[in-house]
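The values are calculated or read from the model by the stated rules, or taken from the named source; none is laboratory data. Note that this is a predicted model, so its numbers are computed, not measured. Note that we place each Cβ from the backbone using ideal geometry, even for glycine, and neighbour counts take in every protein chain shown.
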Amino acid sequence: MELSEFRRQAHSLVDWMADYLEHVRDYPVKSQVQPGELLAQLPESPPSEAEPFDVVLADFTDIIMPGITHWQHPRFFAYFPANSSPPSLLAEMLTSTLGAQCMSWQTSPAATELEERVMQWLGGMIGLPPEWIGVIQDTASTATLCSILTAREKRSEFAVNRSGLTGSAPLAVYCSSETHSSIEKAVKIAGLGREHLRKIDVDNAFALKPNALEAAIRADQDQGITPLCTVATLGTTGSTAIDPLRRVGEICREHGLWLHVDAAFAGTALLLEDFRWMIDGIELADTFVFNPHKWMFTNFDCSAYFVRDTEALVRTFEILPEYLKTAEGSRVNNYRDWGLQLGRRFRALKLWFVIRNYGVAGLQAMVRRHITLAQHLANEIEQLDDFELLAPVPLAVVCFRFHPAGVDDPTELDRLNESLLEAVNGTGRMYLTHTKLAGSYALRMVTAQTNVSEEDVHAGWGLIVRAARELT
């Protein structure tokens, strides 16, 4: 493609992007295609000759777009959001144009030093201790794996990296039964074994029970198993439960455990000072992660990982073959040694654009509005006799179920709410997902999409109520 053609197509694509954002409400939130429907429209073999860009773009519109679930739709109430925003999109355009591979300071000094400064800003914005140092990872799953690997190496005095786990006592990791599945995956990848992951019981608010944690640690110690690490969650995936960080941290300090804090979604709420109670005790932790790509309006992927001990982090991952040596040495940060990846995208740019374009006050206002929407929805649910909340609502996630009079069998209630979920999502007018809480099928409504409004939440809730009553 010649640059003149690139310029013409790029201008048309920016118009398409702006039109999409303006009219995203016109699309069904959840894709309505059936399994295999798109695959049947795609040729089994690639073209042997070049095809005009206009033809490719037409196929994108006709074939690909019907199979897209629209995460930027204001009535996307499912999972946790993967939010975007105009300044983040524009920064991504610049990042893609530059095409920089930011593995070291020398490969793009601006990428390294901007990341250093932006992460310093971000730590202060959410109330972390000033001595903590941040680095951008791709996802919280990767950050959690980095934390567990660093804990493993520090506990073994870096012997595992040198000679493997052979001959060492088993190492145990602790988390609540509500903790994200990435913890189990990290334990497997780190070579610790799923059998040594302890899922600790939770209380009525679905937060980890400190007494149960301490009992599990003592039981492992009595059996010759070495307690290694605890993962405390601020904002569990199911219900956004908040583990009691200070008490968990005190137990970890007493028994010599590493403490990682997973605040992937909820960490953005720390922009609001009145939510800093969630990190009471953070000085007792070793690592902390949250995802600006969830609730801070920064395009996926961008995960903010903070550590107290950068030396342990770098020592865990550093490998320096001759072809990566540069003259700057230890005078600069080479972020290739701060995680799993050698190659790194220029992720700091979009975060910088978002923070500067909205300002801290603007970000705070948006997050507070989302939390307020959830509180209003929870109040509406409590006003109805045939719906019930299934968990507290500390942030922007509301867990509830339809419970009509006379239907008390747990299996029938689960079936009824599963049917309700399918009916609502089948309309294409909103998108919900579910979880299980205390064994019960729960619907989750997340009021945290960038552009969600009070009208969106009200209309979505009205659709749920109508669909539920039609079922009965």
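Here Thr230 does not fit the description of being closer than 26 Å to Ile371 by Cα, assigned by TED's automatic domain parsing to the domain that holds Thr310, modelled with pLDDT of 95 or more and surrounded by 22 or more Cβ atoms within 10 Å (Cβ to Cβ). Has the stretch 392-410 got any residue that is without any contact (Cβ under 8 Å) to a residue 40 or more places away in the chain and assigned to a helix (DSSP H, G or I)? Yes, the conditions are met somewhere in the stretch 392-410.
Within the stretch 94-108, restricting attention to residues that are surrounded by fewer than 16 Cβ atoms within 10 Å (Cβ to Cβ) and free of Cβ contacts under 8 Å to residues at least 40 places away in the same chain, the residue that is nearest to Ile319 (Cα to Cα) is Gly99. May I ask you to verify whether Val367 is over 30 Å from Thr112 (Cβ atoms) and under 21 Å from the mean Cα position of the chain (by Cα)? Against the criterion (over 30 Å from Thr112 (Cβ atoms) and under 21 Å from the mean Cα position of the chain (by Cα)), Val367 does not qualify.
Scanning the stretch 191-209 for residues that are in a loop (DSSP other than H, G, I, E, B) and over 11 Å from Thr179 (Cα atoms) gives Gly191, Leu192, Gly193, Asp203, Asn204, Ala205, Lys209. Taking first residues from the stretch 248-265 that are under 10 Å from Asp286 (Cα atoms) and partners that are among the β-branched types (Val, Ile, Thr), the Cβ contacts under 6 Å between residues at least 6 apart in sequence or on separate chains come to Leu257/Thr230; Leu259/Thr230; His260/Val231; His260/Thr287. Comparison of Leu114, Leu128 shows that the only residue that is surrounded by 20 or more Cβ atoms within 10 Å (Cβ to Cβ), over 30 Å from Ala40 (Cα atoms) and in contact (Cβ under 8 Å) with a residue 40 or more places away in the chain is Leu128.
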